[in-house]
Every structure is written in C-alpha cells, then in structure tokens.
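First up is the structure itself, then whatever we jot down about it.
The values are calculated or read from the model by the stated rules, or taken from the named source; none is laboratory data. Here the structure is a predicted model, which means the values were calculated and not measured. No Cβ is skipped: glycine too gets one built from the backbone with ideal geometry, and neighbour counts run over all protein chains shown. These area figures cover heavy atoms from the full protein model, side chains too; ligands, DNA and RNA do not enter into them. Shrake-Rupley method; radii C 1.70, N 1.55, O 1.52, S 1.80 Å.
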Amino acid sequence: MARVIGIDLGTTNSCAAYIEEGVPSVIPNKAGYKITPSVVAITASGKRLIGHAAKRQAITNPTNTVFSVKRLIGRTFDSQIVQAARISSPYELEEGPNADVRIRMHGKLYSIPEISAMILAEMKKVAETHLGESVEKAVITVPAYFKDPQRQATKDAGMIAGLDVLRILNEPTAAALAYGYGKSMRKKVAVYDLGGGTFDISIMEISDGVYEVITSNGDTFLGGEDFDSRIMEWLLDEFFQEHGADLREDKMAMQRLKDAAESAKISLSTVTETEINLPFVAADAAGQPLHLQKRLTREELEEMVADLVERTVDICQKAVRDAQLRVDDVDNVLLVGGQTRMPMVQRSVAEFFQTKPLKNLNPDEAVALGAAIQGNMLLESKSDSLLLDLTPHALGVGITGGYFKEIISKDSPIPISKSHVFTTETDFQEAVRIIVLQGEGANSESNILLGEFVLNNIKRSPRGETRIKVFFDLDGDGTLKVSARDMDTGQQQSIMVSAYSYLTEKEISDMVEDNREYVLEQQYEETLERVRSSVSVLISSIESAVPRLRAQLGGSAENERALQKILDIVESGKAAIEANDMERLMEVEGYLKRTHSILQQNAASS
Ligand code: AMP
C-alpha cells in the first residue's frame, strides 16, 4: 500500500511522522534530529540549504537565509504582517505579479509557496531516506485560524514539493488525534498551541473516536519570536546605553542577537539565570571591537514577556466563553508548540484552566503524529475515528453599500449548507454579481475575496421584487460550492470556490518542474559524490595491497603483468575521478570492487 506521511510545517521547525503497523512515529533525519528548522538558504551557486544546514550559516548569509516564512504564506504584499516583516527581516521582500509576496535571494525572486515547498521537499526526502521507499502522499497541518488563501498556498507548496496533499489538517485537531489515538475516552480537551510565530487555542470534545472541535481562536501575530524580540530589544537598548552604538542597521549583528536571544530564552526554561555573550559584535568609532555581555534571569525574562503570556490567557478565556463552557468543564489541557516549554507559560495555563497540562505528549511532535494518523485514516478510508471540524471563519457575500452579509458563521460544524434570499437593487436589473467572501468584518473590504460569479437573465422586474436565493454548501473537506437561483424563473448559476491561489496554474507547474529538476540534480550530485568517494577508498585500499602481493607472489613476468593490469585499473579510477565523469566512475567502480574482492580473498587464503 502507498505510504502517507504527516507533516507539521511549522513557523520555526517542521516535523514529519508516519505509521508503521498501527504505531505512529516521528521520522528522524540522517543526523538523528526529529525536527528540522524551517529555514531555507540559497548559496551563491544556487544550491539550496535547508534546516540545520541553513540555520548554521544564517549569521554569515543573512540576506539569503529565510526563516518564519509561514507568517507570510497566502498573504498579500500590502497586508500588515508583510509590511511589518519587511522592516524586521534581513531578507528582501518584494511585491509579486499577483499582489503576493516574493523574496529575492541572489537576484532571483522566489514565491512564498516555493520556499515552503523547499522545506516540504526536505521533509519528503528525510522520510524517503528513513523509510527506504518513495513517499508521495502527505497530510500537512496548518493553524486552525488560517484563511482559505493560506490553506491553498500551503497546498500549492505541497504540490510544488512533489507531494499529493491528501488533506490540510488543523494543527490542534492533529494534536488531539495524537492524544486520543487508540484510547477510549469522553473528554473535553483544550489544545494550547504556542509556536514560533502563532498562537492557537482550540477546545475539542473527544468521545470514543469522534473528535469535535467546539471552538477555536488564536492570534497570528503572537509566538515565540515575539518573546525573542523582547530580549533583543532589551539587549539593543542596553548596548546603546553602554556604548552609544545602535546595532539595528547591522544585519549580521542583528542575526547574532536574534540567535543569542532565542538561546537565552530556551535555556531559561531549564535554568534560572543565563549569560549572553557576543564578542566582537561591533566596532567603535576608533575601530576598537565592542563586545556584548549580559546576564539575564528567568524572573527578568518573565517580566519582559508577561503581557504576551497574558494575551494568550485572554484568548483562552474568550474560547471557553465561545464554547459556552465553564473553565472547569475542560478535563485536560494539551500543550503544543516549542514555546509551551517555558515554565511561565505552563504555570499560566495551569492557573487559568485549574488543571496541570498533560505532559505525556511531546509538544514538538504531537501535531506531526496526528497528521500521520489522519493520513492513514484517509488512506485506509475505513476508520474508527471521525473528525468533526469547524469553519474557522465566517463565509458570506458582499452586498450593496460595501457591506458583508454573513451566511455561514464562524465555528459552524462542517459539513454545512445554508442559504439566504436576496432581492435586486435596481429596477429591471438583468443580472446579479455574487461576491463570495471570508472573514468576520462588517464591510466587504475587510474580508477576503474567495471568488465571484454572475447570474444572468434574471426576471426583469422593479427593484426589490426579483428574489435570488444564494446557497452555500461547505463539505467536510472545507470545499465550498456557492449557487444562486432566481426563485421565479429557476435560472441558476454556481461555482466551486476553490481558494484563491496567488500563483497562476502556469507558475505552479513551472515551479513543480523546477523542483523536480532540482531534486534530480541533487540526486545526481549525491550519487556522484558517493561513487567518487567509493572509488577513492577502493583505490587506496588496492594501492596499499599491491606491494604485499608483489612480495608474496614473486616477480615472475606473468605476475608482473597481472599486477600491471591491477595498476592500470587503479589509474583509470584516478582518471575518472579527475574527469568527474559519472559513467566512467560507475564502470571503474565495478572493476575496482571485483579486483578488491579478489585481493581480499587472496590475502585471506595466504
Ligand atoms: P514551534 O513553532 O512549535 O517549532 O516552536 C518554536 C518556538 O518554540 C521557537 O520560538 C522556540 O524558540 C521556542 N522554544 C523551543 N524550545 C523552547 C524552550 N525549551 N523554551 C522556550 N521556548 C522554546
């Protein structure tokens, strides 16, 4: 049966998991790491570095190293978050051809789904290397509050990476699946997810294999990186006060500060005091080096970020209220996302929910495990579990005056069908335009356009008399079908609202092809490297065996001829390495292997 993997495509880190004989496990990479930093870098020669390799060189290559790309996915260039990122990111953001965001690295423009695809392709590769087979299918997770364009862009990224994306799954639902998998229970569970860039809270009911999301809420502008920024701001101010030098314009120093701030924050989750040391971070007017050295205590850090943690608690309060529950109705709290390792976060969550969060789920892995579980459920298409999800945002149509008429409200369980009757706004109107929007804003403008269509040839009558019934059908996969019918004539028109993608079909297919070519090129390079190194090892081993063989056999002309043959093969191996020619290398590798094994047999029998 085909294999499916679950991928948690995180703001800061990504993680992949699979199921083997009913047991979900996280997939480690070759170096043994279970999580891969969601960092992508492009080198001057156009090579992609992903994960740890990219993170390690971020300080020396800040303008060509991209992190936190998830914050930008599926957003327009003029959105608030993109404009904020333009100021704070060392890499260059530009407006794309479709009002989307592009990142320039070494002169080439990359779309956001392309960057995310590089991370997904890396996760695919990690899985393929570990499992020893090709992996095509995946379930990818996104925050519950992601709007359709963000989900679509994530799907596009999966496609560019060469993956068949079976489903885009909400992260908290995935975490609850990992928690409830294989257990029989009836519980109300809160999933508190504080990752690198975003905060998400969902309240779910798990009841014997049925997972129902009661409510979800969150903040796209709140995550671990905001905690790091607080430390950075403090360091920048302290440094300025001490040396009168502002490091804000120095991209390399800022990258070092960012790394140091995050490391300090992470260590303060286990120790109560830490030292931040950045030697040679800048130079004074006389060219003398300036060093940054500071002590930070856990208490000081807690003070710096208290309002951020408080903001998450306020959102939890809202979620509990929206779910029409009391805090003590929630049986368990699951913690997801790396930032929940901070003791203050755990304390605040425990205080608010009046229960200690469960510790048996690894916050970095739970979401990927849940995605793998869901993937398997979809693949087997028989399952003991049922996911009942919610629409994370309201859906409706734009109406006269620029207003928004909500048809399906936020948090409605899906699948769902709703309709509303509209009338015409001008006398003898012949057509109506149906503008489908997503969001909670009272005005059309503040919501996101999902699609539009025109219903022509409607009954011509004075304004307000023609009645048009608009239906919204949202299926369990989140696919929306909108239709409009003239109630008098029966004239009807409908569209499937596939979320708007900021990439054209042609762009996506070009990117799929680019990625495929890149992957093939990489595979070629890796094979070339492997064969080169194998040939070189065989050559040294044979060369060191020849004098021993000569001594052992004696110098008859026949033996010398045989030895010369061996040396000729060695020479052709050296020439193939020099020429860097794959075909020759592979051919000579075969001869060398045979010669090597004959020499070994000979050595063993003498
Ligand atoms: P995620 O997006 O779930 O991978 O979470 C990443 C965020 O968690 C980053 O901001 C990390 O700095 C933060 N993080 C990871 N480990 C810890 C830790 N031990 N203590 C505090 N924050 C952490």
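What value, in deg cm²/dmol to 500, does the helix sum -39500 (n - 2.57) over DSSP H runs of n ≥ 4 give at 222 nm once divided by the residues of the chain?
-13500 deg cm²/dmol
Counting only the backbone N, which residues of the stretch 134-157 are under 17 Å from the spot 7 Å out from the Cα of residue 475 toward its beta-carbon?
152
At a 1.4 Å probe radius, carbon and sulfur cover how many percent of the accessible area of the stretch 72-201?
That share works out to 46 percent.
Separation of the stretch 327-401 and the stretch 252-289 by C-alpha centroid, Å?
What the calculation gives is 34 Å, centre to centre.
Ranked highest first by the average count of other Cβ atoms within 10 Å around their residues, in what order do 260-268, 83-91 fall?
Result, highest mean Cβ count within 10 Å first: 260-268, 83-91.
When N counts the residues of the stretch 390-497, how does its alpha-carbon radius of gyration compare numerically with 2.2 N^0.38 Å, as a ratio?
1.04
Using alpha carbons only, what's the Rg to Rh ratio of the stretch 79-235 with Rh from Kirkwood?
Rg divided by Rh gives 1.01.
Rg to Rh ratio, the stretch 184-334, alpha-carbon atoms and Kirkwood radius?
Rg/Rh: 1.15.
What number, in percent, do you get for the relative contact order of the chain if the mean sequence gap of Cα pairs under 8 Å and at least 6 apart is divided by its residue count?
With pairs under 8 Å counted, the relative contact order is 12 percent.
Report ³J(HN,Hα) in whole Hz for each residue of the stretch 96-110, in order, from the Karplus equation J = 6.51 cos²θ - 1.76 cosθ + 1.60 where θ = phi - 60°; Gly and Pro get x.
Rounded to whole hertz, the list is x, x, 10, 6, 8, 10, 10, 10, 9, 9, 6, x, 9, 8, 10.
Between residue 128 and residue 83, 0.36 nm times their residue separation minus their Cα-Cα distance comes to what?
Taking 0.36 nm per residue and subtracting the Cα distance, the gain is 12.4 nm.
Amide H neighbours of residue 478 under 5 Å, counting only residues 5+ apart in sequence or on other chains, H built in-plane at 1.01 Å?
Here the answer is none, since no amide H 5 or more places off falls under 5 Å of that of residue 478.
Which three numbers, in whole Å and largest first, are the semi-axes of the equivalent ellipsoid of the chain derived from its Cα gyration tensor as √(5λ)?
Those come to 52, 33, 26 Å.
Between residue 245 and residue 56, what FRET efficiency comes out of the Förster formula 1/(1 + (r/R0)^6) with R0 = 25 Å and r the beta carbon distance, rounded to 0.05?
According to the calculation, E is roughly 0.40.
Check cross-link reach from residue 187 to the lysines: straight Cα distance under 26 Å, and skip same-chain residues fewer than eight apart.
By straight Cα distance, residue 187 reaches 318, 356, 359, 382, 410.
For residue 405 and residue 270, what does the FRET efficiency come to when R0 = 56 Å and r is the distance between their Cβ atoms, rounded to the nearest 0.05?
0.60
Report the extension gain between residue 529 and residue 321 in nm, rounded to one decimal, defined as 0.36 nm multiplied by the number of residues separating them, less their alpha carbon distance.
Once the chain is fully extended between residue 529 and residue 321, it gains 68.9 nm.
How much of the accessible area of the stretch 390-497, probe 1.4 Å, is carbon plus sulfur, in whole percent?
The value for the stretch 390-497 is 46 percent carbon and sulfur by accessible area.
Expressed in nm², what is the orientationally averaged projection area of the convex hull enclosing the Cα positions of the stretch 505-605?
7.6
If each residue of separation counts as 0.36 nm, what is the full-extension length gain between residue 440 and residue 491 once their alpha-carbon separation is subtracted?
15.3 nm
Going through the stretch 277-354, which trypsin sites (Lys or Arg not before Pro) have at most 11 other Cβ atoms within 10 Å and a DSSP loop state?
Here the sparse-neighbourhood loop sites are 326.
Can you pull out the chymotrypsin sites (Phe, Trp or Tyr not before Pro) in the stretch 183-268 that DSSP calls coil and that have at most 16 other Cβ atoms within 10 Å?
221
Determine the per residue accessible area of the stretch 391-435 with all protein chains present and a 1.4 angstrom probe, expressed in square angstrom.
Each residue of the stretch 391-435 exposes 50 Å² on average to a 1.4 Å probe.
For the stretch 64-110 and the stretch 472-526, what is the centre-to-centre distance using only Cα atoms, to the nearest Å?
Taking the Cα centre of the stretch 472-526 as reference, the centre of the stretch 64-110 is 22 Å away.
Can you list the lysines whose alpha carbon is less than 30 Å from that of residue 506, not counting same-chain residues fewer than 8 positions off?
Reachable lysines: 47, 70, 108, 124, 125, 137, 147, 155, 481.
Provide the per-residue ³J(HN,Hα) series for the stretch 257-267, in order, calculated from phi with Karplus coefficients 6.51, -1.76, 1.60 and θ = phi - 60°, each as a whole number of Hz, with x at glycine and proline positions.
Once rounded to whole Hz, the list reads 5, 4, 4, 5, 5, 5, 4, 4, 4, 5, 5.
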